[in-house]
Structures are given as C-alpha cells and as structure tokens.
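Each reported figure results from applying straightforward, stated rules to the coordinates on display, with no laboratory input. Being a predicted model, the structure only gives us computed values, none of them experimental. No Cβ is skipped: glycine too gets one built from the backbone with ideal geometry, and neighbour counts run over all protein chains shown.
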Amino acid sequence: MNIFKHEFKSYLKSVGIWSISIFLIILVYLAAFYSIADDLSMMDDLLSSFPEELLIAFGMTDLNFTSILGMFGLVFLFCQICLAIQASNYGISLVSIEEREFTADFLLAKPVGRGKIMTVKLLAALAALTVTNLSVWASSFLIINFLNDGPPIDNKPLVLLLASIVIFQLFFLTVGLLISLLMKRVRSVTPLSMALAFGMYVVSAFGGMLGDDTIDVISPFKHFEPNAILTSSAFDPLVLISVAAILIAVPISYRLYTKRNIHSAV
Amino acid sequence: MSIIEVNNLTKYYGKARGIVDVSFNVDEGEIFGFIGPNGAGKSTTIRLFLSLIYPTSGEAKIFGKDCIKFGPEIRQEIGYLPSEVFYYEGMKVLDLLKYSASFYKKDCTKRLYELSELMELDLKRRIDDLSYGNKKKVGIVQGLLHSPKLIVLDEPTAGLDPLMQQNFFNLIREENQRGATIFFSSHILGEVQRLCNRVAIIKEGSIINIQDIKSLQAENYKKIRIAGESLDEKAFKFDGISNLQRENGVLSFFYKGDINQVTKLISDIKLSDVIIEEPTLEEIFLHYYE
C-alpha cells in the first residue's frame, strides 16, 4: 500500500495535465466543427470527391458531419492519440524509471519481491489511467450535450466508444512495459512512447491506405476506429487482438522483470 | 553462526567478468571488511546479496537462507547503503525516510529521528537540493533506521567530511555492539583497518586473501621515502626492504618488520626530508600479490 500511495502520487500532476488537455481538445475541435456545421454538410460532398485512399489514411471514410456524434468520432481520434502517448509513457517508465534515476538500489533493497513491486506499480498506473479515462467520459458527455442543439444523441454508441478506452490504454501500458524490459537501458521515455503511439497510428492509417490489411491489424487504432464503433454500435472482432497482446505482454514482462539484473549507477 | 555464507559465487555480465568463484563466511557480530580496488567486484558481490542481480553460478546465503529464494524475507533485516545514493526527486528528506520506514514491520519513527539528529540531517529540505555528502547522510539514516541485523555498506565514507566520518564510524560500532553484523566494502585500507575484525581482499573478481585484521597489521608494510645528499643504497639492502628505488636523490622503498631497525638506520644519516606512510592498497596489490 505504501508503494501504491507513493506511485499514485507521482502520477497526479501528469494525470491532471492529460485530462485538461483532452478536455480542451474535445471542446475546441467539437465547438469548431459544430459552429461550421452547416458548411460541413457541404464538406460531405467535398470529402466524397477526395481519393478514397487519402480518406482511409486519415480515418475519414465513415465521417458523418451531419450529426454531432459523427464529428465527435473524428475528435475522438485525437483523444486516442493522447491516451496512447500517456499510457505508453506510463508503461515504458513504469519500472525503467527506477533504473534510469538509480532509485532501484533503494526500492529493490527493501523487503518486497519484484513481482509485488511490479503488481503495485501496474495498479497505480492503472488507477492513474482510470482517472484520466473518467475525465474523458465526463468531458465527452458534458461537451456534447452542451453543444448539441439538435435532437438528443443516441447514448449507446457513445458509451461503447468511451468504454473502449480501457483496453486501448491497457494495450499501450503493457506493450510499453514489455518494450522497456526488452531494452537494456531506457535512456529517455518520451521518444519511445511517441514512437509507439504514433507508430501504431501510422500503421493503422497507412496500412489502410495501402489496402494491406495484414499489417494494420496489429494496431489498436484499427481495432478501436471511432467512426466504425459509432456507426455500427459494436466492437470489431479485431479488438481480440488488442486483448491478446495485453495477455501476452503482462506475463512476459513479469518474467523479464523478476529475472532482470539491475546495474549500479557507476 | 554464519550471517553471510558465500559458496563459489560467480557472476558474468555477458562475457564481462563480475566475480569468479568467490567463497567466504561472515560470522554473527563481526565487522567484516571487503576491500579491493575499483572494479574488483565489490559492488557485484553486494548486489548479489540483495538480489539486485542474479548469479551465473554458485549461491549466497544470508541468515542461512538463499538470497534469491528468500529475498524479501531476508531484506527485512538488512540495511543497505549503496555507494552512490539517488533518491526520488522532489521528495523531502523526511518523506523519503518515512517511505523507507514504511517497508519494515517494526515502528522505526523514534530511531529515524535519533539517527537524523546524530547525522545532523535537515529533515525539511528537498532531496534534490542536498549536497553529495548530505545525500549520503540520508542514505545512512535510511539504511539504519530499522535497526537491521546485517548492515551492508558499499564505500560508505565517500563524500563525508572527517568529522562526519568519525560520527559514522562510532555509529557503526554502536550498531555492532547492539548485535548487528557489518559488511563493510571499501577501497581505503586505513578505514577498514580502523573498523574491521576481519577482511577479505578481492582483486579482479577473485578473493585473494581473507585475514583477521591483527595478522594483517602484523605484516604492516610502510612506505618510506628519504631525501638527502649522501644516501647509500647499499645500506638499505636487508631483509624486510623491498622495491628499493632511487630517483633524483630520493630513496624510496617498502618496509615490513621491526620499525626500530629502519628508524635507527635512518637516524644515522643526514637527511633533508623523510616520509613514512601507509602504502595505498594499489601499491600493496602491486607488490605482494603479483
């Protein structure tokens, strides 16, 4: 419990910043789209004149600018990128931070096993991500209902979309953790988490553009395509790939961490 | 009873040598010195005790229990001061010490304040603002606050001023009298001689000698340098003198034996300068183990 408290406290600032950022992204973009909603119906015509490949690349195939939910689908993609970076950050630095900042000599010399340290750290990161997640729920409902002056929105697809955040975050958290443990030393976290988050986005976007559906299936951006979820009100079965990745990454990470040699500062 | 039992412990980092086939025992209540030059494998051995790293072969037991299998359990009674101290940035000293104390089953609050006072530690300051020496003090308090049965010190005196070193040595002696066993790693022969009952000397990953401190002192080498105008090298060619060198009118050599014999000899010569000092550990290694 002491470790959990210590860890969770260290996330507070970051959670605050991410939550506020995502709130602002939703507010600004959705308000912007909504204020030009009338012009946007023409946008549908415009979009349909773009080459199909380009639309696929930017996830704009199922765009529907006639309803606020349709717009939210596009805005949510930006949220997903933020959530992916945040979760990757937490995953990659989860245990590597102790080695990078040489506090491992402190923590691991205490009477706790590595397995337990990892469990507690994962739970603390998960708690931090859940707080962010809840704030995305709140922001989404608040802003959508605040802006919407048309007919009341259908909650089911929105709830489904927001519910997808948990698995989406878990994917980047656990895969990030695994990557950090496969490396000998993680010198800097941000470039890695950016690479993981944007890399997955690019794989999903350009995999789609190339029409090569063997590669984009590894990306959670593909599994949780906002507009697909919003239009079909259901998850793509590809979600199972994300779940499988999590289920594989976690036990391997435990194994690697409990066997890991922690080198000294000098 | 052996507090530490090391059997054929070997650690390679890939192909790089850590330690090779190290075996020794440390008995309850001892202050055991572990001495060797930098890179000899001192920290490697200690990190194996704490299962920060895992052995390539062999085993280490503490309190009769395997270091890896019973890691968390035995660490309940180990206090460890790493050679380089790093703590969570942005934390206050008191918060860190309380966090440290929260890992142990006993209540350490009283001892925490006692030790901090003894080491003259300002508990309200942020750790990032502390000097190296002050961080080291945090390390000392952090390592001792749970009154452990085994105290593992990895080059603990670096960064401490002489007065603090004295405080620290007294503290270690007190802990020892209380019943704690001390494992003291250092590359400074003098401080090991001052504090320890027994020493193991490690070089290039292997233990080359384990001695009690009295017999080590009995073969106490002195490094002597004399300067003068008419120095006769031949007068110094007798038993106990080694590595005799002459350079720019300065005669230097190592001496082992009755010190009076050499001082009598020196007193007969007209000198401009004389230095009698402890050889450094490196010099001892250079001359007696190669």
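Here are some notes:
- Placing +1 on the Cβ of every Lys and Arg and -1 on the Cβ of every Asp and Glu, with no other charges, gives the protein assembly as shown a dipole of roughly 1720 debye about its Cα centre.
- Three-way shape call for the range B:221-288 based on the alpha-carbon gyration tensor, with the a/c threshold at 1.5: prolate
- Rg/Rh for chain A (Cα atoms only, Rh after Kirkwood) is 1.02.
- Subset of A:K184/B:K61; A:K121/B:K65; A:K5/B:K124 violating a 26 Å alpha-carbon distance limit: A:K184/B:K61; A:K121/B:K65
- Footprinting exposure proxy ranking of A:F141, A:F221, fewest other C-beta atoms within 10 angstrom first, gives A:F141, A:F221.
- Chain B, helix-only ellipticity at 222 nm - DSSP H runs n ≥ 4, -39,500 (n - 2.57), divided by all residues, nearest 500: -9000 deg cm²/dmol
- Trypsin sites (Lys or Arg not before Pro) lying in DSSP loop within the range A:119-185, provided at most 12 other Cβ fall within 10 Å: A:K184, A:R185
- When each of B:R126, B:R178, A:R100 is scored by the number of other beta-carbon atoms lying within 10 Å, the sequence from fewest to most is B:R178, B:R126, A:R100.
- Taking the average, over residues, of other Cβ atoms within 10 Å as the packing measure, peptides A:76-86, A:26-36 rank A:76-86, A:26-36 from highest down.
- Compactness index (Cα Rg / 2.2 N^0.38 Å), the range B:123-257: 1.44
- Counting, for every residue in B:69-77, the Cβ atoms of other protein chains within 10 Å of its Cβ and taking the mean gives 3.
- Dimensions of chain B along the principal axes, based on C-alpha atoms and rounded to the nearest Å, stand at 68, 43, 35, largest first.
- Each part gets one Cα centre, and for the range B:153-212 versus the range A:149-218 those centres are 53 Å apart.
- Peptides B:75-85, B:52-62, B:253-263 ordered by average Cβ neighbours within 10 Å, highest first: B:75-85, B:52-62, B:253-263
- Peptide B:82-88 has a mean shielding of 6, counted as Cβ atoms of other protein chains within 10 Å of each residue's Cβ.
- Mean residue ellipticity at 222 nm, helices only, chain A: -25500 deg cm²/dmol; runs of at least 4 DSSP H residues each add -39,500 (n - 2.57), and the sum is divided by the number of residues.
- Our estimate of slack between B:E117 and B:D27, defined as 0.36 nm per intervening residue step minus the Cα-Cα distance, is 29.3 nm.
- Inverse mean reciprocal Cα-Cα distance (Kirkwood Rh) of the range B:1-109, Å: 15.5
- Tail fraction, Cα-Cα pairs, the protein assembly as shown, threshold 32 Å, whole percent: 58
- Note on A:106-119: average number of Cβ atoms from other chains within 10 Å of each residue's Cβ is 6.
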